[in-house]
Structures are given as C-alpha cells and as structure tokens.
Amino acid sequence: MGRDRYKIIYKEKRPYFVTCTIVSWIPLFGNPKIAGIVIDSLRFLHEKQRLTIHGFVIMENHLHLLISSAELSEEMRNFKSFTARSIIDLLKGQKMNRLLDQFIKNKLSYKQKQNYQVWQEGFHPEMILDSEMLLKKLNYIHNNPVKRGYVEEPGHWRYSSWNNYNVSEEMGILPIEIIG
C-alpha cells in the first residue's frame, strides 16, 4: 500500500491540479525519448477515457497536470508505475548506468519489491474549486517554462498545453479537453 498523505474525496469528477516529481529532482525529461514516454502514457490514458487532461506542462524534472478522473488515485498510480518501468527499460537499453544508479540510491528503504525509484511519492492533488482557481493554475502551468527561463514565451515550450488553448486544440502535443 502506498504512503500517500492525501485522501481524495471526489465531487462530481472535478478537475485537480497535480504535480509529479522525479526523485532528487533529476533532470530526466531533457531527453526527448523519456519525455515521449510520459506524453504517450498520458495520451493513452486520455484516449481510453481513464484520465481527462485539461492542461499540462512537462518540465525537466517534474510535471504539472490539470486532470479529472473517476479514479484519480488509481490512474495516477498506474501512470507513475508504467512510466517508471518504461523509463528504467529505456535507460537499461541505452546503458545509462549513472542514472540507473541514482534511481537505486534514491529508492526508499521500505520499497522492497522494486530495485529503482523514479518518481517521488504522491502527486499532491489540489481540487479546482472555481473558474478563478482554474485560470490561476492554467496560467501557472503555461508560464512555468518562462519563469524558469527556458523560453521567452509560453507558446515556445513544446511540452505544454498552451498551444491547445491559444492556437487550436489540434496544435498541441497532446489531446486535451478545454475547460472554459
């Protein structure tokens, strides 16, 4: 059983703002193949209607999502488990032993059934209560790469839903359900 500190009480499948972080803030998503694993997994969950994506940004060592699901905790657990296994398999295949060693070193001691830990525990869900909060979180997500100094304009960051909202739904790297 996981050690999440958060109990999610679902109300009408409301959207949540969630954050998932790589252990020790290792900058893993600078590798396009690894970022692709996350994108493909989110696309799969969205297409299978297990997770509705309303907004996202993938940074170098974490991601923020605006999502909704009838089984949010379960789907996030599945997402993190699947992507962790896929990332480890990719790193093994590319013989990236330094990264693999970091994921061994950062594994929490009570996790006896696994050799590696890619993600920090939990996903810090925050229920979106109203349209003002939604806009605030969406702006935070889209401006995160600008704030970090990676790009000058939010639309220049490839791994974000900014283009879905500001150009056209089809221009984004992932399908999303626009709230508004």
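Computed values, structure above
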item: Mean Kyte hydropathy of -0.5 or more with a Cα span along the axis of at least 30 Å, helices from DSSP in the chain; result: 72-93
item: Extension gain from N115 to M171, taking 0.36 nm per residue of separation minus the Cα-Cα distance; result: 16.3 nm
item: Over the chain: Rg over Rh, Cα atoms, Kirkwood Rh; result: 0.96
item: Helix-only [θ]222 nm of the chain, DSSP H runs n ≥ 4, -39500 (n - 2.57) each, per residue, nearest 500; result: -12500 deg cm²/dmol
item: Selection from G36, I141, T83 lying farthest towards where the dipole of the chain points positive, charges on Cβ; result: T83
item: Relative contact order %, region 16-171, counting alpha carbon pairs below 8 Å whose residues are six or more apart; result: 29 percent
item: Cα-centre dipole for the chain with unit charges at Cβ (Lys and Arg positive, Asp and Glu negative), debye to 20; result: 900 debye
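All of the numbers you see were taken from the coordinates with simple rules; none came from a lab. Remember, predicted model here, so these are calculated numbers, not experimental data. For neighbour counting, all protein chains shown are included, and Cβ atoms are generated from backbone atoms with ideal geometry for every residue, glycine included.
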